[in-house]
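Below: the structure, in structure tokens.
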Amino acid sequence: MRETRPERDETDVKKGDRDVLRRFHEAKWDEPVIFELSTAGERGVLPPEVEKEIADEVGDGVSSLPESMRRKRPPALPELSQARVLRHYLRLSQETLGADLNVDVGQGTCTMKYSPKVNDQLAGMPEITELHPLQDEATVQGILEIMYNLDLFMREISGMDQFSLQPGGGSQAMANRACMIRAYHESRGDKNRDEMLTTIFSHPSDAAAAAVAGFKVITVPPGKNGYPDLEAFEKAISDRTAGLMITNPEDTGIFNPDIDRVTRMVHDAGGLCAYDQANANGMLGITRAREAGFDMCFFNLHKSFSTPHGCGGPASAALGVSRELARFLPVPIVSFDGRKYYLDYDRPDSIGKVRTWYGVPPVHLKAYSWIVALGDEGLKEVARIAVLNNNYVMKKVLEMPGASAPYGRGRYRLEQVRYSWERLRELTGVTTDDIQRRAFDFGVHYWTSHHPFVVPEPMTVEPTESYSKAELDEFLNILRHIVHEAQMEPEKVRNAPYNSVVRRIPSAPFDDPDRWAITWRAYLKKQRRERAPGGH
Amino acid sequence: MADREPFVHPYIPNSVPEVKRRMLDEIGAEDIEDLFEQIPERLRFKGKMGIPGPLRSECELKRHVESILLKNKTCRAYLSFLGAGCWQHYVPAVCDEINRRAEFLTAYGGEPYEDHGRFQALFEYESMMAELVDMDVVNVPTYDGAQAAATSIRMASRITGRKEALLPRTMSPERLAVIKNYCRPDIAIRLLDYDPATGELDLGDLRRKASGETAAVFFENPSYLGFVETRGDEISRVAHDSGALSVVYVDPISLGVLAPPPEYGADIVCGDIQPLGMHMNYGGGHGGFIATRDEVRFVKEYPSRLFGIATNAEGEWVFGDVAYERTSFAVREKGKEFVGTHAALWGITAGVYLALLGPRGIAELGRTIMQRTQYAMKRIAAIRGVKLQFAAPSFKEFVVNFDGTGRTVEQVNRSLFERKIFGGRDLSRDFPELGQSALYCVTEVHTKADIDALVSALNAAVQ
């Protein structure tokens with residue numbers, strides 16, 4: 001095997017600094033790829049064998065297949081004993097920086113709040129894990145009750161009239177909304193509306209999902225406040241406008257105070273307004289989709305409503321609509337007839353299905369539990385403290401040399417801020433990507449921005465309500481330290497990370513078809529080709 | 001609230017009044033309300049949300065939620081023969097152990113440095129799936145099998161530059177509904193007839209409909225209705241002859257015993273990973289996979305993340321996003337479809353599952369499932385008035401027809417239910433031409449005693 005001796009960076013933390021800066025090193029197991037661990041003959045789990053009577057009666061089972069349909073060579077899966085599989089994956093888990101382990105405020109837009117453990121325990125009960133989606137409704141009244149009540153909670157939080165919990169994430173909700181907007185215009189025989197408006201600081205999927213549904217995407221440019229002014233919308237809106245898909249506050253943390261005017265303008269032109277509420281954490285109980293004039297909205301339950309992100313799903317979005325649009329929601333809807341809960345498929349105008357079954361019920365359960373743990377006042381306190389934390393962090397970041405928060409200068413922000421290190425780069429040559437890699441040396445995540453980088457050298461921070469002041473100070477100390485380093489020894493920042501799992505990762509192999517390897521077998525093939533005479 | 005004890009919730013540390021005050025002072029604000037200055041008064045919500053709670057103590061909370069969940073009856077308390085796309089397979093303990101680890105459970109979108117383990121685990125998942133389906137490229141999971149199918153068809157359309165897909169009439173109605181929704185308005189979906197004796201695709205109809213417009217010929221193997229499509233090579237040949245791609249939807253757990261689709265000409269293989277170590281979760285255990293050859297024209301059309309492996313200057317294994325510029329993350333609406341938060345944790349879990357099973361385990365498991373299924377088919381077919389709908393080999397599901405009993409599936413299932421058995425999925429609404437038919441599913445979890453109990457309950461139900 002390869003030999004690696006990355007240098008440990010020992011100079012960061014001087015004695016006496018320990019209170020403010022952690023002497024961190026992430027676990028580094030130098031763990032081989034699982035195929036390298038394989039030993040022929042080892043076994044992980046054994047499937048049950050059939051009873052002798054069955055074997056006597058039907059033989060080996062596979063002979064019923066025609067020869068051409070039988071697998072000839074077994075798949076080249078690795079062979080490992082059970083404990084080795086466990087250890088391998090535990091090591092990989094230790095080489096992953098879960099939110100539970102760090103002050104996870106650096107993954108802005110992701111709302112990395114605390115996911116209460118009790119909810120994971122509840123979702124692990126057989127009374128949810130061992131339910132089949134086609135069971136008799138009488139045997140699933142509990143989970144249907146939870147899904148139904150979650151719909152009611154979402155109505156309260158948004159002012160919308162009905163929710164579907166079917167989308168398996170925010171992007172799928174965006175695709176849904178695009179389908180419903182299409183269905184709405186079709187139902188009115190309005191065939192000329194093929195343009196969807198969005199903004200550059202709305203999630204990429206607001207644009208991309210609309211394009212998949214067949215719309216031409218019009219991105220309205222931001223004005224000096226970070227959001228498009230009314231004139232910009234005026235210019236973009238026409239009788240071709242099918243709808244608007246927009247985040248507010250956008251990823252800048254700036255709330256567009258004219259949003260109700262914008263929605264009115266779109267309505268006046270005959271379009272629908274869809275609210276991407278991925279950034280809802282600072283607004284729970286404060287302001288709602290209804291008052292802003294939206295026809296639809298969605299929340300990410302894995303963001304504002306605390307369910308764990310699972311390395312990127314399974315997740316869930318709650319998709320809400322006004323009464324007028326409820327008939328277009330995907331089927332089934334969880335309903336209640338006063339006595340029992342049931343799945344309502346009898347919805348002839350429904351857009352049909354966007355996902356198998358009813359969404360991701362364990363996620364619904366966790367969100368439900370989180371909401372009832374907090375109640376009405378608790379949800380508002382979530383928003384208040386998320387906003388307090390964010391403005392506290394902003395105050396402190398902006399005191400650092402080279403930092404700025406473009407747009408809306410001197411104004412408070414809601415739940416997150418997209419900062420810029422442009423000035424720091426001009427002064428030191430250190431980029432936001434360098435700062436990002438250096439942040440990993442101190443055991444925190446750091447996220448820049450979606451593309452394109454409209455804000456130069458971006459950093460997006462979303463503190464949520466979950467972290468104490470002491471923890472926020474720790475994160476700020478890390479940033480402050482890196483900024484200091486950038487000024488004093490920029491090379492050090494540029495060459496980071498030192499104390500993460502691996503050293504610098506080259507980008508070239510991942511964009512070169514001759515070298516990229518998306519699977520182990522592809523890697524081996526390309527290695528062989530490279531070694532062969534006349535190879536690359 | 002002001003005159004009462006301050007409400008400091010365990011989830012909200014900075015609710016402590018002194019801390020709040022100190023932070024506000026640092027900010028230079030009088031009150032938290034000031035921080036909401038951007039939101040105009042007219043947009044403020046003044047009412048109460050009417051949300052119950054708070055259940056402040058964890059003890060009360062747990063009791064409350066448990067009391068609701070305990071109204072459910074599980075597939076352990078009842079004997080279940082439901083499948084239809086969500087299957088009861090055994091979930092090894094190590095699968096749960098790994099996917100409940102806080103590190104994996106609570107990570108999200110970190111970089112391949114501090115989340116090296118997440119990238120490696122998903123790369124290994126891709127790699128093991130690749131061995132199973134015999135392809136060189138597999139994506140980080142999408143939402144579910146239906147989404148994987150829909151995206152595979154869209155990929156085929158982009159690759160061929162054509163706008164029509166042919167799909168079997170026997171396919172899962174749920175999956176078909178998702179595909180139709182997702183492929184609109186770019187791709188026309190046309191359905192292919194089937195042979196009423198075997199359920200298999202009607203090759204004549206396929207030949208009639210395949211044309212220079214066809215982007216993809218899509219079929220399921222095993223099919224939604226359980227039978228194995230035994231002429232996959234001919235279907236693929238017809239597809240290729242008309243310049244279309246052959247897209248095959250598989251149940252990955254069948255591939256220890258069934259031939260991997262590239263052997264019969266598949267260009268794109270897709271499916272759902274729920275059977276590979278995920279609990280049914282009332283339909284919440286799904287994740288979709290897409291697999292292709294390692295050709296630029298295929299790779300460039302994936303909307304999903306694709307994690308690749310390389311080495312760095314220090315000789316360490318490193319991971320990263322392959323061809324990131326194709327994604328909507330990189331180029332918004334100019335990217336391929338869209339990508340976001342899908343089902344990564346289930347991908348990691350499916351990797352654990354395949355590592356545990358290994359090459360021998362997956363083959364033995366397939367054999368056990370087929371033996372149990374054939375035993376069940378044989379016994380059920382012996383019941384008076386009951387027959388098997390299709391004379392074709394099955395993997396783990398099969399269609400049982402009750403027309404000869406004078407009973408409806410609904411009546412039969414009600415009778416089974418009284419004996420604490422969930423009978424098969426009633427097909428009479430989705431496939432009226434099959435009469436009173438139900439789709440039964442048998443897996444490795446069903447013992448001989450379970451199957452015998454079903455048979456005796458069915459006997460009683462049709463008396």
The residue that is surrounded by the most Cβ atoms within 10 Å (Cβ to Cβ), considering only those in the stretch A:139-153 that are at the interface with chain B (Cβ under 8 Å from one of its Cβ atoms) and of a type outside the set (Ser, Thr, Tyr), is A:143
Residue count, the stretch B:327-368, condition touching a Phe, Trp or Tyr at 6+ places or on another chain (Cβ under 7 Å) and in a helix (DSSP H, G or I), comes to 8
For residue B:256, the lone unmet condition from (1) closer than 30 Å to residue B:240 by Cβ; (2) in contact with a strand residue (DSSP E or B) (Cβ under 8 Å, 6 or more places away or on another chain); (3) in contact (Cβ under 8 Å) with a residue 60 or more places away in the chain is (2)
Checked the stretch A:295-309 for anything part of a loop (DSSP other than H, G, I, E, B) and in contact (Cβ under 8 Å) with a residue 60 or more places away in the chain; matches are A:301, A:302, A:303, A:304, A:305, A:306, A:307, A:308, A:309
Scanning the stretch A:485-536 for residues that are among the acidic types (Asp, Glu) and closer than 30 Å to residue A:22 by Cβ, the one farthest from the other protein chains (Cβ to nearest Cβ) turns out to be A:489
Being over 23 Å from residue A:448 (Cβ atoms) and in contact with a Cys (Cβ under 9 Å, 6 or more places away or on another chain) narrows A:160, A:180, A:147 down to just A:160
Just one listed residue, out of B:94, B:65, B:133, B:137, is β-branched (Val, Ile, Thr), under 19 Å from the mean Cα position of the chain (by Cα) and facing chain A (nearest Cβ under 7 Å), and it is B:137
For this session: Assess whether residue B:75 counts as being touching a Pro at 6+ places or on another chain (Cβ under 9 Å) and more than 28 Å from residue B:340 (Cβ to Cβ).
Result: yes
Subset of the stretch A:109-138, residues within 7 Å of chain B (Cβ to nearest Cβ) and among the aliphatic types (A, V, I, L, M), comes to A:112, A:118, A:122, A:125, A:128, A:131, A:134
If you go through B:98, B:51, the only one that is of a type outside the set (Ser, Thr, Tyr) and more than 30 Å from residue B:299 (Cβ to Cβ) is B:51
Over the stretch B:286-304, the set of residues within 17 Å of the chain's Cα centre (by Cα) and either more than 8 Å from chain A (Cβ to nearest Cβ) or not small (Gly, Ala, Ser) (or both) is B:286, B:288, B:289, B:290, B:291, B:304
Scanning the stretch A:356-399 residue by residue, those assigned by TED's automatic domain parsing to the domain that holds residue A:279, at pLDDT 95 or above and in a loop (DSSP other than H, G, I, E, B) turn out to be A:357, A:358, A:359, A:360
Filter the stretch A:214-262 for residues that are free of Cβ contacts under 8 Å to residues at least 60 places away in the same chain and among the acidic types (Asp, Glu); the one that is farthest from residue A:415 (Cα to Cα) is A:239
Flagged in the stretch B:380-429 as in a strand (DSSP E or B) and within 26 Å of the chain's Cα centre (by Cα), in numbering order, are B:394, B:397, B:398, B:399, B:400, B:421, B:422, B:425, B:426
Checked against (1) in the same structural domain as residue B:426 (by TED's automatic domain parsing); (2) on the phi > 0 side of the Ramachandran plot, residue B:83 satisfies every condition except (2)
The residue that is surrounded by the most Cβ atoms within 10 Å (Cβ to Cβ), considering only those in the stretch B:296-320 that are without any contact (Cβ under 8 Å) to a residue 60 or more places away in the chain and under 12 Å from residue A:516 (Cβ atoms), is B:310
- Answer yes or no as to whether residue B:41 is of a type in the set (Asp, Glu) and either facing another protein chain (nearest Cβ under 7 Å) or on the phi > 0 side of the Ramachandran plot (or both). no
A careful count of residues in the stretch B:59-108 that are closer than 30 Å to residue B:311 by Cβ, part of a loop (DSSP other than H, G, I, E, B) and either modelled with pLDDT under 95 or among the β-branched types (Val, Ile, Thr) (or both) gives 0
Quick count over the stretch B:17-39, residues being part of a loop (DSSP other than H, G, I, E, B), within 44 Å of the chain's Cα centre (by Cα) and at pLDDT 95 or above, is 1
Query raised in the report: Taking residue B:236, is it of a type outside the set (Asp, Glu) and either in the same structural domain as residue B:374 (by TED's automatic domain parsing) or within 21 Å of residue B:258 (Cα to Cα) (or both)?
Result: yes
message: For the stretch A:131-153, check the following and say yes or no: at least one residue is within 20 Å of the chain's Cα centre (by Cα) and more than 30 Å from residue B:81 (Cα to Cα).
response: no
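Residues are listed down the side, and each one gets a yes or a no for (1) surrounded by fewer than 24 Cβ atoms within 10 Å (Cβ to Cβ); (2) part of a loop (DSSP other than H, G, I, E, B); (3) modelled with pLDDT of 95 or more:
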{"position": "B:140", "(1), (2), (3)": "no, yes, yes"}
{"position": "B:149", "(1), (2), (3)": "no, no, yes"}
{"position": "B:156", "(1), (2), (3)": "no, no, yes"}
{"position": "B:162", "(1), (2), (3)": "yes, yes, yes"}
{"position": "B:166", "(1), (2), (3)": "no, no, yes"}
{"position": "B:170", "(1), (2), (3)": "no, yes, yes"}
Filtering the stretch A:91-105 down to residues that are facing another protein chain (nearest Cβ under 7 Å) and either buried (at least 24 other Cβ atoms within 10 Å of the Cβ) or free of Cβ contacts under 8 Å to residues at least 60 places away in the same chain (or both) yields A:92, A:93, A:95, A:96, A:97, A:98, A:99, A:100
Taking the stretch B:169-209 and the residues there that are touching a strand residue (DSSP E or B) at 6+ places or on another chain (Cβ under 9 Å) and among the polar types (S, T, N, Q), the one that is farthest from the other protein chains (Cβ to nearest Cβ) would be B:170
Taking residue A:108 as the residue in question, decide whether it is in contact (Cβ under 8 Å) with a residue 60 or more places away in the chain, of a type outside the set (S, T, N, Q) and over 24 Å from residue B:254 (Cβ atoms). yes
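The values are calculated or read from the model by the stated rules, or taken from the named source; none is laboratory data. What you see is a predicted model; the values in this text were computed from it and never measured. Reconstructed Cβ throughout: ideal geometry from the backbone, glycine too, with neighbour counts over all protein chains shown.
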